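A.B. asks: Handing you this structure, nothing more for now.
Each reported figure results from applying straightforward, stated rules to the coordinates on display, with no laboratory input. Keep in mind that what you see is a predicted model, and the values were worked out from it rather than measured. In this analysis, Cβ positions are derived from the backbone assuming ideal geometry, glycine residues included, and neighbour counts consider all displayed protein chains.
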Amino acid sequence: MTVSPEPSPWHEARAGALAILPAAVAVVPFALLLGALAAEKGLSPLEVALMSGLVFAGGSQFVALDLWTTPAAWLTLGSAALLVNLRHILMGASITPKMEGFHPLGRVLALLLLADEIWAMAERRAAVARLTPAFYAGLAGLLYVNWVAFTTAGVVVGARLGDPAAYGFDFAFTAIFIGLIAGFRHTRGFLPTIVAAGLAAVATQAVLPGPVSIAVGAAAGVAVAALLPARREAAA
Amino acid sequence: MSLDPATLTAILAMAAATIFTRLAGLVMPASALRHPRARAAFEAVPAAVLAALIAPTVLATGWPETVAALLTAVAALRLPLIAVVAIGVVAAALLRAVAG
């Protein structure tokens, strides 16, 4: 359809890598922090490299480490990852139609690497130009290598730091999650959602300590969000 | 370079969950997300999960954690995430020292 000359894949890949570079740099401290927290939970560099390489979703990795027990409880950790990453379904549904130039297998591979920052950059690209596989490969390739390398490095660095609670380091989990929650503050029904989720979680935790409180709290928050009157639907 | 079987199983469970959420977008009928209530519920999931996750620490551990969380939340409205984390960690350490 387009008459403009197709840019070379190499040029596209480089443009993609440049587009994700600021996010890749910004994510380094978190990657190191994740590795350090994982080391504190007793994970080895190999285990962290595997987790980062196979899961490649920072938020759910922090959540998993927060819930980590020895031995690891796979059902709890898998369910938590599922809940935290449900947003991928929306992101994937939104970006898939913009991958029309992708080979079907390339599309699957691209979706498997769909991290928040990659999604945001791909959406931004698709808004102004054709999203090419090479551009996406530039985005995803740089962030992926960066994330796996620096989370693994964090295990080695973090193992030398000692007791994290002594520096308030354990509070890093809570602080990261507060920061991530704040990022959603423009979503409709934000405040009622987090208040309901928080109160339900605390109430559940008082009766039944453990990860059940997360599911109950999350369900309460989601229920409130769904049941709120959709006042400004026309504007959305 | 140790690889604990339980840890490997947990990592694979997390990977399976994430592969599911990432590929579900391929087959998700756009119409399913067009219903406002379904969409609102979906969009609320991450904040709700994270709020449920931190609430016991923030509200039921002690006053230093509660105050540190409030300071962190205020910082989160204006500052980049890494600064937010730094403020939260320092606040928690100082307030815990004050509390003894």
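A.B. asks: Here are some residues: B:Ala91, B:Ala51. Which one is within 7 Å of another protein chain (Cβ to nearest Cβ) and either assigned to a helix (DSSP H, G or I) or out of contact with any Ser or Thr (no Cβ under 7 Å at 6 or more places or on another chain) (or both)?
C.D. replies: B:Ala51
Per-residue answers, yes or no, for (1) under 17 Å from A:Gly158 (Cβ atoms); (2) surrounded by 21 or more Cβ atoms within 10 Å (Cβ to Cβ):
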| position | (1), (2) |
| --- | --- |
| A:Pro9 | no, no |
| A:Glu12 | no, yes |
| A:Ile20 | no, yes |
| A:Ala24 | no, no |
| A:Leu43 | yes, yes |
| A:Gly53 | no, no |
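Quick grid of which residues meet (1) outside any loop (DSSP other than H, G, I, E, B); (2) within 22 Å of A:Ala64 (Cβ to Cβ):
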position: A:Phe173; (1), (2): yes, yes
position: A:Ile176; (1), (2): yes, yes
position: A:Leu180; (1), (2): yes, yes
position: A:Phe184; (1), (2): no, yes
position: A:Ala196; (1), (2): yes, no
position: A:Gln205; (1), (2): yes, yes
position: A:Ile214; (1), (2): yes, yes
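A.B. asks: Output the number of residues of the range B:10-27 satisfying the condition of being over 18 Å from the mean Cα position of the chain (by Cα) and under 21 Å from A:Pro97 (Cβ atoms).
C.D. replies: Summing the residues that are over 18 Å from the mean Cα position of the chain (by Cα) and under 21 Å from A:Pro97 (Cβ atoms) in the range B:10-27 gives 8.
A.B. asks: Looking only at the range B:44-59, how many residues end up being under 22 Å from B:Ile87 (Cβ atoms) and among the small types (Gly, Ala, Ser)?
C.D. replies: Matching residues across the range B:44-59 total 3.
A.B. asks: Could we say that A:Val157 is under 20 Å from B:Val85 (Cβ atoms), in a helix (DSSP H, G or I), more than 15 Å from the chain's Cα centre (by Cα) and more than 8 Å from chain B (Cβ to nearest Cβ) here?
C.D. replies: yes
A.B. asks: A further question follows. Tell me the helices (runs of 4 or more DSSP H) entirely within the range A:42-141 that contain at least 2 residues that are within 22 Å of A:Gly221 (Cβ to Cβ).
C.D. replies: In the range A:42-141, A:58-67, A:74-84, A:87-95 are the helices (runs of 4 or more DSSP H) which contain 2 or more residues that are within 22 Å of A:Gly221 (Cβ to Cβ).
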